[in-house]
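Encoded as structure tokens, the structure appears first; notes follow it.
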Amino acid sequence: MAERVVNLDVDLLRAFVTVVETGSFTRAAALLGRTQPAVSLQIRRLEDQLRSPLVDRKGKGVGLTTEGAALLPQARRLLRLNDEIVSTLGEGDLEGEVRFGAPEDIATMHLPGILGAFARSHPRIKLSVTCDYTANLLDQMSRGMLDLALIKREPVGPELGVRVWREPLVWVALDASIVEASPLPLIIAPAPDIYRKRALSALAEAGVAFRASFTSPSFAGQMAALRAGLGVGVLPAAMAPRDLTVLGSPLPALTDSEIALVSARGAGGPAALLAQEVLRSLERGPGSA
């Protein structure tokens, strides 16, 4: 009796991996440029092909069965191989442009390796990167100027992008003795920067007097001011450099912010590929859950 041969559909595997990485059929549909029922149907077709349940639909959110957990790393390898082959041979539809946005500090810290690897794997896809504040990035996306953006947001539900990681924030300065100054000199970005909002709210609630000693929209400018000893600033814990001091009491604790990936409505093709690469690379980042 001939052995049953199954030829896996790459589109079905891509839908499966995207659902798992976003934790939601709805968010996966947005990244893939499909409807939620269409993505759900793709997962059922994959389950039919493999004759195994892959997604546990009983609980809240997206859970994997034992078979689904075993498939996930293999599906990721197959997708990477597929994309490498298509890119190398110069065939298929892996071409076009992705307009991507991110705040300057995130772009500086986390994106060079990801974007470089993506550009090498997909040389026919043009990357256009914009660095700006979250509010400006969201405005540009609403006006059709961006396809994808990493944004800083308040810890919220899935209504504003796919959470990539939760970001602990810390106070930093050149020397800890600066906390004795009154009013406390602050190095901050202009409104509506979320770290500025965190700093001002925490100090006001704690009754700590402060003044803006240095204001700059540039991350590099703020770092230069910190290293010059001009004041206290707020940074993600993972980005606090060793030549600066992380400050604790008597400064108040700062609440976390979140980094999320937002996709324009209907953004598929090259934008969906980059979204998946960003999620794969950063979902294990600081404070991820």
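Over the alpha-carbon set of the stretch 169-255, work out the extent along each principal axis and list the three values in angstrom, largest first.
29, 28, 23
Taking H as built 1.01 Å from N, whose amide H comes closer than 5 Å to the amide H of Ser257, not counting residues under 5 places away?
Glu167, Leu169
With Cα extents along the principal axes in Å as the read-out, I listed (i) 66, 43, 35; (ii) 84, 41, 34; (iii) 55, 39, 38; which label goes with the value calculated from this structure?
The calculated read-out lines up with (ii).
Gaussian network model of the chain, Cα springs within a sub-10 Å range: biggest mean-square fluctuation belongs to which of Leu78, Leu150, Leu274?
Judging by the Gaussian network model, the answer is Leu78.
Out of the DSSP beta bridges found with both residues in the stretch 169-255, what percent are antiparallel (nearest 5)? Mind dumping the intermediate values first?
Numbers: 7 of 13 bridges.
Taking every DSSP beta bridge with both residues in the stretch 169-255, the antiparallel ones total about 55 percent.
Of Glu205, Glu95, Glu167, which has the largest mean-square fluctuation in a 10 Å C-alpha GNM of the chain?
Glu205
Using alpha carbons only, how many degrees (0 to 90, rounded to 10) separate the axis of helix 270-282 from the longest principal axis of the chain?
60 degrees
Quick one: helix 194-206 against the long Cα principal axis of the chain, what's the angle to the nearest 10°, folded into 0 to 90?
In the chain, helix 194-206 runs at an angle near 50 degrees to the longest axis.
Using the count of nearby Cβ atoms within 10 Å as a rough guide to exposure, how do Asp105, Asp48 rank from fewest to most? Display every interim value, and only then the final one.
Details: Asp105 20, Asp48 10.
Ascending Cβ contact count within 10 Å gives the list Asp48, Asp105.
Could you check what % of the DSSP bridge pairs in the chain are antiparallel, to the nearest 5?
Numbers: 20 of 35 bridges.
Within the chain, antiparallel bridges account for around 55 percent of the total.
How many percent of DSSP beta bridges within the stretch 122-268 run antiparallel, rounded to 5?
On the way: 18 of 24 bridges.
Approximately 75 percent, going by the DSSP bridge assignments.
Bear in mind that the values in this text are calculations on the coordinates, not laboratory data. What you are looking at is a predicted structure, and each value in this text was computed from that prediction instead of being measured. Positions of Cβ are generated from backbone atoms using ideal geometry, with glycine treated the same way; all protein chains shown enter the neighbour counts.
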